[in-house]
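Participant: This structure is in structure tokens; I'll ask about it shortly.
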Amino acid sequence: MIIWLNGPFGGGKTTLAAGLCRALPGATVADPEAVGDLLRSTLADHALRPRDYQDLPLWRQLTGAFVAGLLRHTGDPVIVPMTVLNPDHAEEIFARLRQVGGFHHLVVHTEPAALQKRIAVSWEFPGDAERSEAVRAYRRRRASDYEQAAIGWMHTGGHVIDTSALTSEQTLHAALEHLRLPVPARPRPLEAPQA
């Protein structure tokens, strides 16, 4: 099973991926950003270096091979938290992953006002105000790009989980229910010993 988590930057994909990884035995998280970082550093001094690595056909090919390869290698669920806004890029990757079988595209949606609140309180780099603010600024800049993609194709191309008013645990349960997977039981509180 491959679970691709799409949605806005700062919308909770990484948090949901961590929850799914805990809930699904043997699951791994595949981060295509690492593939992009590899290409960006490799091509840093090259005339064909990418402005956005997602625009490179090579990134899309490597990402598809990486995710499919992890599934074949482990035989366990692979969770991919990655925003892909361009429908052609998404389809190029998703078509390959559908061939592997068990592909699910979940859209972790957050309404604009709720997203802005989450972005405002996020600290991607605890203790480093400058780097954290740079991430927040990027997420704010890309929010309208997500809104356009959501309206244009993403909400019809994936299963939408509106997380605007959900806790991370409720979001995890919504994802597991959609995937028809067992929702982990809450640990029962310890009872006081009877006298």
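The values are calculated or read from the model by the stated rules, or taken from the named source; none is laboratory data. No experiment lies behind these values; they were computed from the predicted model shown. Glycine gets a Cβ as well: all are built from the backbone with ideal geometry, and neighbour counts include every protein chain shown. Note: accessible area is taken over every heavy atom of the protein model, side chains too, but ligands, DNA and RNA are not part of it. Shrake-Rupley method; radii C 1.70, N 1.55, O 1.52, S 1.80 Å.
Participant: Going by alpha carbons, how many degrees (0 to 90, nearest 10) lie between the helix axis of 57-74 and the longest principal axis of the chain?
Facilitator: 40 degrees
Participant: What is the Cα radius of gyration of the stretch 40-154 over 2.2 N^0.38 Å, N being its residue count?
Facilitator: With N residues counted in the stretch 40-154, Rg over 2.2 N^0.38 Å equals 1.24.
Participant: Further question: Calculate, in nm to one decimal, what Glu130 and Ser41 gain on full extension: separation in residues at 0.36 nm each, minus their alpha carbon distance.
Facilitator: Fully extending the segment from Glu130 to Ser41 adds 29.8 nm.
Participant: Pairs of alpha-carbon atoms within less than 8 angstrom and 6+ residues apart define the contacts here; what relative contact order does the chain have, in percent?
Facilitator: Relative contact order comes out at 31 percent.
Participant: Between Gln61 and Leu48, how many nm apart are label points set 7 Å from Cα along the C-beta direction?
Facilitator: 1.0 nm
Participant: Would you mind telling me the share, in percent, of accessible area of the chain contributed by carbon and sulfur at probe 1.4 angstrom?
Facilitator: The value for the chain is 55 percent carbon and sulfur by accessible area.
Participant: Then there is this: What dipole magnitude, in Debye to the nearest 20, does the stretch 82-125 give about its Cα centre under +1 on Lys/Arg Cβ and -1 on Asp/Glu Cβ?
Facilitator: Value, rounded to 20: 160 debye.
Participant: Assuming R0 = 25 Å, can you tell me the calculated FRET efficiency for the pair Ala34 and Ser122, based on Cβ-Cβ distance, to the nearest 0.05? Present the calculation step by step, with values, prior to reporting the outcome.
Facilitator: Working: r = 21 Å, r/R0 = 0.83.
Calculated transfer efficiency: 0.75.
Participant: Contour minus end-to-end for His155 and Glu91, with contour as 0.36 nm per residue of separation and end-to-end as the Cα-Cα distance?
Facilitator: The His155-Glu91 span can extend by a further 21.7 nm.
Participant: For the stretch 91-137, which trypsin sites (Lys or Arg not before Pro) are both in a DSSP coil and crowded by at most 10 other Cβ atoms within 10 Å?
Facilitator: none
Participant: May I pose another question? Taking only protein heavy atoms and a 1.4 Å probe, what accessible area per residue, in Å², does the chain have with all protein chains in place?
Facilitator: 57 Å²
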